[in-house]
Amino acid sequence: MKSIDDLSGVEGKRVLIRCDFNVPLKGEVITDDGRIQAALPTLKQLRAKGAKIVIMAHLGRPDGAVDPKYSLAPVAKRLGELLGVTVKLSGDVVGPSADQTVAGLVDGDVALLENVRFEPGETSKVDAEREALAAKYAKYGDVFVSDGFGVVHRKQASVYDVAKLLPAYAGYLVEKEVKVLRQLTVEPVRPYVVVLGGAKVADKLAVIDNLLQVADELIIGGGMAYTFLKAQGHEVGRSLLDESKIDACAEYLKQAEEAGKKILLPVDVCTIDPTTLDFGARTLGSEVVVTDVTAIPADREGADIGPKTAQLFSEAIMSAKTVFWNGPMGISEIPALAEGTKAVAKALAQSSAFSVVGGGDSAAAVRTFGYQDSDFGHISTGGGASLEYLEGKTLPGLAVLEEA
Ligand code: ADP
Ligand code: MG
């Protein structure tokens, strides 16, 4: 991959950059601006070189139609504050407003195109549709810089196709993320412990498969643990369960045992009455009850790891030299159900291991708990992208930069 350090003579040139500004919002308030912060080194460097900057980014899933709810306006404002300039947000993605915004840039200016996912071509599975949109993007730049690490696993117009039309470079964030992930896949310092949580077991089975080869120990918590617990023969009540993956989970448990690798699962969980859960208000209207995994009542849902499990997981983390963590241990958006995730974050922050936190919800959780980026080896801005990298998959947005 060519680095932006190799990029000379950009003064007065238009640099088209893909960033990942898919930040969590509550109304118009950005609740975690980590992804915007992460883009600053590249943007500052290019501004210092006198480039005219045109940024492409997405927010949420507006599904190819204009939806004011998903406007990048809050991002433009926050980015402007952080850079100390006015960020010009165009009123459309590739229409007359964008044309005018880009044409009006002077050296060092920063423009942000409106949410690229307002355009159906952005995420189209039809190559020609993506390519047609990418050709319009390419008119706005003399060179392309890819710095949205959170989207490099997507074959999308502003990530992949546009990189074929302009001289393409990797930004500092993409370079940094790839360097860290490579460290985790090529000879990690052992013992290497991986902690997985979050909601969807189906999404993470492939990575478990790959991690079983590389990691020494796998810790599984969060919503995905219940399919494993079921595979071990436990009843899980109303907890998250993927019936279609029970056999696969049983198979992984068997494989791990044969390979002499440890898979740690919860021994106790915090159960709730799911009918009293209000996601919007982030509240729980009834008591949390701790039970052993052998005794989860039929009418209750496991929504966090229990205290014994938190202790067990923390000890395993503390004895590691390398740790990768993706996915909260419980419904950590709700304070009453964040204790397990807090315990894991604390163990990671206290350990002297090289620690990497990946995933939007996990990163948001550790920041909510008051941790800084410097408390960990690295907080990755990309959940899906980092998992796919660890799975050993080819990421289209990186492959296209390597070919450039
Ligand atoms: P990340 O964004 O860090 O990659 P995921 O998106 O995979 O993490 O998972 C985060 C989601 O998992 C959160 O919305 C959280 O509420 C949910 N979750 C975690 N544990 C449970 C559980 N026991 N039951 C239901 N949902 C859970
Ligand atoms: Mg998530």
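Quick notes on this structure:
- Each Cα pair under 8 Å and six or more residues apart adds its sequence gap; the mean of these over the residue count of the chain is a relative contact order of 16 percent.
- The stretch between residue 319 and residue 182 holds 47.1 nm of extra length on full extension. This uses 0.36 nm per residue minus the Cα-Cα distance.
- Alpha-carbon centroid distance for the pair the range 261-325 / the range 233-252, whole angstrom: 16 Å
- Over the range 326-398, accessible surface divided per residue gives 34 Å², non-protein components excluded, 1.4 Å probe.
- Bridge orientation summary for the chain: considering DSSP beta bridges with both residues in this region, about 25 percent are antiparallel.
- Helix-only mean residue ellipticity at 222 nm for the chain, each DSSP H run of n ≥ 4 adding -39500 (n - 2.57), per residue, nearest 500: -11000 deg cm²/dmol
- Amide proton proximity set for residue 221, modelled H, under 5 Å, gap of 5+: 196, 197
- Rounded to the nearest 20 debye, dipole of the chain from Cβ charges on Lys, Arg, Asp, Glu: 880 debye
- Acute angle (nearest 10 degrees) that the helix 339-350 long axis makes with the longest principal axis of the chain, alpha-carbon atoms: 70 degrees
- Within a straight-line Cα-Cα reach of under 12 Å, residue 245 can be paired with the following aspartates and glutamates, leaving aside sequence neighbours fewer than 8 residues apart in one chain: 203.
- Whole-number percent relative contact order across the range 343-404, with pairs defined as alpha carbons under 8 Å at least 6 apart: 31 percent
- Farthest towards the positive end of the charge dipole of the chain, among the residues 332, 30, 226, is the Cα of 30, using unit charges on the Cβ of Lys, Arg, Asp and Glu.
- Taking all protein chains together and rolling a 1.4 Å probe, residue 216 ends up with roughly 50 Å² accessible.
- Sequence-separation-based contact order of the range 1-115, relative, with Cα cut under 8 Å and 6+ spacing, percent: 30 percent
- Tilt relative to the chain, helix 73-83 - C-alpha long axis, 0 to 90 degrees, to 10: 80 degrees
- Reported value for the chain: 137 Å³ per residue, from the convex hull of its C-alpha atoms.
- Amide H contacts for residue 379 (H built 1.01 Å from N in the peptide plane; partners 5 or more residues away or on another chain; cut-off under 5 Å): 357.
- For the range 207-360, the Cα gyration tensor yields ellipsoid semi-axes of 25, 20, 13 Å (square root of five times each eigenvalue, largest first, whole Å).
- Where trypsin sites (Lys or Arg not before Pro) fall in DSSP loop in the range 200-260, at most 16 other Cβ within 10 Å: 200
- Violating pairs (Cα-Cα greater than 28 angstrom) within the set 164/204; 176/204; 77/179: 164/204; 77/179
- A cut-off of 5 Å between modelled amide H atoms, ignoring neighbours fewer than 5 places along the same chain, links residue 145 with 16, 17, 18, 169.
- For the peptides 388-398, 257-267, 139-149, the ranking by packing is 139-149, 388-398, 257-267, with the highest mean count of neighbouring Cβ atoms within 10 Å listed first.
- Among the protein heavy atoms, those of residue 58 account for about 10 Å² of accessible surface (1.4 Å probe, every chain in place).
The values are calculated or read from the model by the stated rules, or taken from the named source; none is laboratory data. Computed from a predicted model, the values in this text were never measured in an experiment. Virtual Cβ from ideal backbone geometry, glycine too; neighbours counted across all protein chains shown. Only protein heavy atoms, including side chains, enter the accessible area calculation; ligands, DNA and RNA are left aside. Shrake-Rupley method; radii C 1.70, N 1.55, O 1.52, S 1.80 Å.
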